[in-house]
1. What does the charge count near B:Leu424 come to, summing +1 for each Lys or Arg and -1 for each Asp or Glu among other residues with Cβ under 15 Å from its Cβ?
2. Give, as a single signed number, the net charge of other residues whose beta carbon lies under 12 Å from the beta carbon of A:Tyr569, with Lys and Arg counted +1 and Asp and Glu -1.
3. I need to check one value: relative contact order of chain A, counting alpha carbon pairs closer than 8 Å and at least 6 residues apart, in percent.
4. Quick one: what does P(r) look like for segment B:435-477 with 5 Å bins over all Cα pairs, in whole %?
5. Translational D (Stokes-Einstein, µm²/s) of the protein assembly as shown at 4 °C and 1.567 mPa s when Rh comes from the Kirkwood sum over C-alpha pairs?
6. Report, for B:Phe362, each distance to the same residue's label point in the other copies, shortest first and in nm; define the point 7 Å along Cα→Cβ.
7. Over the protein assembly as shown, with the other protein chains present, what is the accessible area per residue in square angstrom, probe 1.4 angstrom?
8. Using alpha-carbon pairs under 8 Å, 6+ residues apart, how would you state the relative contact order of segment A:605-717 in percent?
There are 2 protein chains.
Amino acid sequence: MQIDPRPDRTLSSARPAPRITPCRCGRAPAQASQAILVPGATDALERTLAPRQGGFAPAVDPSSLQLIILPAGLIAVAFALFLARDVLRRDTGTKEMEAVAATIFEGAVAFIRRQYSTIGILAIVGAVGIAILISVFETANVADTSVFGPELGIRTGIAFLVGAACSMASGIIGMFISVKANVRTAAAARRSLVEAVQVAMRGGAVSGFLVVALSLLGVYLMFVAFGGLNANTVREAPFLIVGYGFGASFVALFAQLGGGIYTKAADVGSDLVGKVEKGIPEDDPRNAGVIADLVGDNVGDCAGRGADLFESTAAENIGAMILGVGVYFVAQKAGWANPEAWIFFPLVVRSFGLLSTIIAMFFVRGREDENPMNILNRGYWVTTILSVISLAFVTNVMMQTGNQTGANGIPTWIWFFGAGVVGLATSVAFVYITQYYTAGTFRPVKEIAEASKTGPATNIIIGTAVGYETTFVTAITIGIALFASHWLGAEAGLTDASGRNVGGIFGTAVATMGMLMTTAYILAMDTFGPITDNAGGIAEFSGAEAHAREITDRLDAVGNTTKALTKGYAIASASLAAFLLFNAYIDKVNLILGRQIAAGKEGVSLMTSVNLENVNVFIAALIASMLVYFFSSLAIRAVGKTAGAIIFEVRRQFREMPGIMTYEQKPDYARVVDITTRAALREMVAPGLVAVATPIAVGLLLGYEAVAGMLMVGTIAGVLLATVLNNGGGAWDNAKKYIESGHLKDDHGNVLGKGSDAHAAAVVGDTVGDPFKDTAGPSLHVLVKLLATITLVLAPLFIR
Amino acid sequence: MQIDPRPDRTLSSARPAPRITPCRCGRAPAQASQAILVPGATDALERTLAPRQGGFAPAVDPSSLQLIILPAGLIAVAFALFLARDVLRRDTGTKEMEAVAATIFEGAVAFIRRQYSTIGILAIVGAVGIAILISVFETANVADTSVFGPELGIRTGIAFLVGAACSMASGIIGMFISVKANVRTAAAARRSLVEAVQVAMRGGAVSGFLVVALSLLGVYLMFVAFGGLNANTVREAPFLIVGYGFGASFVALFAQLGGGIYTKAADVGSDLVGKVEKGIPEDDPRNAGVIADLVGDNVGDCAGRGADLFESTAAENIGAMILGVGVYFVAQKAGWANPEAWIFFPLVVRSFGLLSTIIAMFFVRGREDENPMNILNRGYWVTTILSVISLAFVTNVMMQTGNQTGANGIPTWIWFFGAGVVGLATSVAFVYITQYYTAGTFRPVKEIAEASKTGPATNIIIGTAVGYETTFVTAITIGIALFASHWLGAEAGLTDASGRNVGGIFGTAVATMGMLMTTAYILAMDTFGPITDNAGGIAEFSGAEAHAREITDRLDAVGNTTKALTKGYAIASASLAAFLLFNAYIDKVNLILGRQIAAGKEGVSLMTSVNLENVNVFIAALIASMLVYFFSSLAIRAVGKTAGAIIFEVRRQFREMPGIMTYEQKPDYARVVDITTRAALREMVAPGLVAVATPIAVGLLLGYEAVAGMLMVGTIAGVLLATVLNNGGGAWDNAKKYIESGHLKDDHGNVLGKGSDAHAAAVVGDTVGDPFKDTAGPSLHVLVKLLATITLVLAPLFIR
């Protein structure tokens, strides 16, 4: 795993200064950058000559690695376009398929247009509000950078808008391609399983690459625009771009909420009337709600999740860069070469993650008789292995610490490489944990299926118990990952001017970076889910051949698993990132307080702890824990209410249009789509505003330390409740599928399959799980990260 | 509200010293106590002469108030015996009633005997384990008192056993009387509503008074036995009796878990077969599970809740006394009269609460045509008003601070009286909040009933949303109560030697004390629930007259509300108490650390914060939040599994004994009772051990600061999840009742009552809510307090 081409060592490390200067100092006053660089260069020279450094010196000039960010981002975008072109030029199947696909496309575009208009207006209001707040409150004496007042306000407002726009673009493009990919997957399924997998996966990968690449490019370009390449301002630039992360979170919240409400209300509403009351199959064209259901898969699962992971990667990049500033000071003081490397590190790691994923896409291939999950797993493992290798390379090159080593004489970069591997291992662990809890071959799902024999009540009781139980492995795994990466980082030997060990926190940041290297692939697998779900719907609706439907059914089952995996992944990354973003918040607060102290303000001291014994912090923690329940309550109720409206409409159509059941009349699909659209947009506003307003209110009433407590405890509460909702919902879903596949038997060995009472009970559980796992749960991921970005941006407001 | 008999002022405050001396120094070295007392006496004299003290000096000698504890406790016990005698000598109804009651009694005694044998063994193991741990680890250099090593180990073990024994006694006696009261309530219902209310309420009050009085007497006597009356050791004694609180918690945990699993498994199991599958009424004698269900009401709701509130009052008394030690030092240093008053204060307040409740019992009367809830509310309001008055009296007498006043020249005691009133107001607020969320006349329950029209899935979805929603008002109310009582306390003007304001925390302690003044009455109302529930069951089972059954039905509905109220009350008190117990833990840790510092140990410093930024604290917080889910998962699953076993057995009896449905054969009740007993006892062990082992493991692995984080965040998480489970369950229950009462109508105005699809859907919700509200929720209250007592006792283990 360690890249160590010894012959190049002397060559590269003997001449760092000349190669660094043009790239970093292009727009910087020469004398300042020289002052920083010279000791580093000397150290690097000394290090090369020192005998005990053998084997660990970098193969490549650290600063040149920074140059990879822009090309990597652009290559990923180009690759996404290549994949999109590949998908779009494929066969679109029968006339019937094309007709259904066109209807879905129409409904999805109509919803996205209205939803993103609403979100766009909210984003503009948000940007103006933030710009004004910061202009008024973040004056010279509370500013955290040399930029403040109206200038900072305008810059932050712009960053917010750019973040919002990029997030919206990711969501829209991802949704657009997935709507196009679904019919092509259905068409491919008429010929070949492998081809269908490839079409769906490539369609998903368009989203995956665009989301990660746009987020990387956006952060990088904002960073450059706000002085990231200038040695004088590089340490300020990460703080100036937090608005970008907030803009992305803001859009993601509403996109996930609106889409999540739409998709599950349509799903619950059409299933309850169609499957339960009328006994017709899912996706039967006689059901007036079925088009809304198919539209929902695209607008909720694709667009929503895309916006969610866009903001994850953006927020975590920025947070890690802020922590990098802390190490930058350490590196500068110690005179290590290229201290900026610590700030650029997250973006470089992300770039290598993207490149690894591009290579892995070519391994998504297999045999016709293979389990489709294996085909996808092959690519995932290639991504992971390439990520480990490139992580070793990047840490080795960028984390050079002169003569200094970590504990036991082991070089610093090896400790951090270890932390990164912890992150990658955590994501693998979550893939398997999620499978255990939501796949039909293990105890939890079987237990729920067994409980269905005694009716819906015991199905719900045991399902709830399973959902609650899943917090155990989740919390223990996250706890171990945090502990291990913090310990590895702490051993790396980074101490700041005051003697404080800053390595531990940076270790957790590197773990997050490591984990997020595979984001593009995970997101592709995730979008694979709704594409295959839709492909199945189109095949059913258009009356495709039996063998095609069999293939789409198999893909749909795999898609359910991959969707669940992504959620586990999102939860794990949110937890690790919370610790990182939380520390970034403390860094920002201390920058402000430090400036006040320097200005001679009385009674101010740095924030050294987030003290739960402080009654304000305790109350904030209480409110944060409540917020995740209250927010979920609003989201779940929104689905219940909207589904109720759909049920009444579909029932009315069945009643007033008796020709529907005999195929003589066509149901009014558009009316259901319209009802769902309006209800979803109306219902997304309340939870969204609650999420944005609560941290601001807590900060204004209880102060900056309380906000930090809210951030931490809110993250814990949010992550655990999301775990409960996601895994509980997934397990209910698969318990139903387990029964439908004929695995459940009564005492006499008779199969209790479709149509049995146990199946009816399992359908209740599945329906209950829908808003849990696809509306409230994923929205909580966004909420957790929104808490972090909103408080990072508005920190000055909370300091008196 | 202010008691101010001015004429007595000069008389009483002019001569405090002579009257204090005999009572406090009876067993103390004279010189020590004199050294403390003289300045106080002088100050008191000065205060009397100072003109601006007019109107606020105490009417009674502070130290003499301490004498009330023992008599008040004994009076309450005597009153409980009087009530028990009154209940027992009443009419036991028809032969059929007596026969059913005898069967229930038999089943309940059989369960309690086996359950308490198991718990007794666990308690002995626990006591020995703790004694050994403390003997080995709590050596001279980590001890928090002058007692340490084996002596402390033995003392703590004894305190643990006494606490456990008292808790068991409360549970057993409460259960015994309630089993006797139920048939007498059924008999009284044949004659008069008011008489039935009185019998049930008096039966409940036996529990209420015994629990609170035994807890008070137990804490007081242990305190006295460990040196509480000796001026030299009074400040150490509260720390020595924490074992008592832990013993009580330990028993309460298993009592609540075992009883909770028993009662709900029997309820769910017998309802699902009888009501849902066979369509026979609840409590129909043909149902083999019905006796187990009736037994369950007694062993779960009575015995379990009694043990729960026993440990609440014990733990909170001890925690408040430990905080009182902090103020004791302040008082001693400032030279105020009778500094011990601050330590005795919680017990004196509790005594006055008991006396207020005794008087209030005589106001439980009303008219035959009155809503029975009004009759109970009358007593509650009398208790509350008398509590406010006596609180003013006690704070005025015991919180004398010489010449010193709080902010704005307002005497210290007035600030603390305000804090106490905040506590009482919080308990009143919770009564109304719980009613809003669980009574059929308001939006939440109606919403669930409406959602039942579209089937069980939407019933569960909306019920979940309502359950989650209830955290909002709960958290806001608790937040305001904490903030207000902390602020009032902080304004009272108590600063310790290092200038730290210790009043804030003591303010929250006084609020908790104020809230808990009404515990005996609340507990009586709570036990009223299962008694009337059983009375209804007996009336139904024995085929009593229609008018008697109508009265028991009305009482049963009221009983459901009072049971819900108690849970809200228990949650509110647990939250306030958490802050208090948490600070007691920090006091104890600092006592130990201070001793280590004094002994010259290197690298030790006092614990000044519980820093969430510390990765160990964050991980502990994560584990604590997980613990409440995992524990609930085990409890809920236990009910599901046990209910499944009951369902199979009842179904088997219906199948193999066809004469049951035609009343020709008698079902085998005993077999179901036996199955339930064995399953409940088996299933209570795992969650109990998890609850005990987790805080110990966290302390050993992550240290004492992490434990503090676990305590705080675990309390928040536990309180909120309990709120969700209790209120969600209560709302589902009442949504079903709402439909049964014929309040739900379809679009055409037709009533959707019993037998409708909506009703069937509501029954599913009700059944799901059963283990939530009566097993997991109440067990979480105990868990939260157990975390506090276990860490208080084992703190030395966590300090290296």
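The values are calculated or read from the model by the stated rules, or taken from the named source; none is laboratory data. Every value quoted in this text rests on a predicted model; they were computed, and no experiment measured them. Virtual Cβ from ideal backbone geometry, glycine too; neighbours counted across all protein chains shown. With ligands, DNA and RNA removed, areas are computed over all heavy atoms of the protein, side chains included. Shrake-Rupley method; radii C 1.70, N 1.55, O 1.52, S 1.80 Å.
1. Working: positive: B:Arg350; negative: B:Glu316.
Net charge in that neighbourhood comes out at 0.
2. Summing Lys/Arg as +1 and Asp/Glu as -1 gives +1.
3. 19 percent
4. Pairs per bin, as whole percents: 6, 26, 27, 24, 12, 5, 2.
5. On the way: Rh = 34.3 Å.
Reported coefficient: 38 µm²/s.
6. Values, ascending and in nm: 9.5.
7. Roughly 29 Å² per residue, with all protein chains present.
8. Working: 88 pairs, mean separation 59.8, N = 113.
Result for segment A:605-717 is 53 percent.
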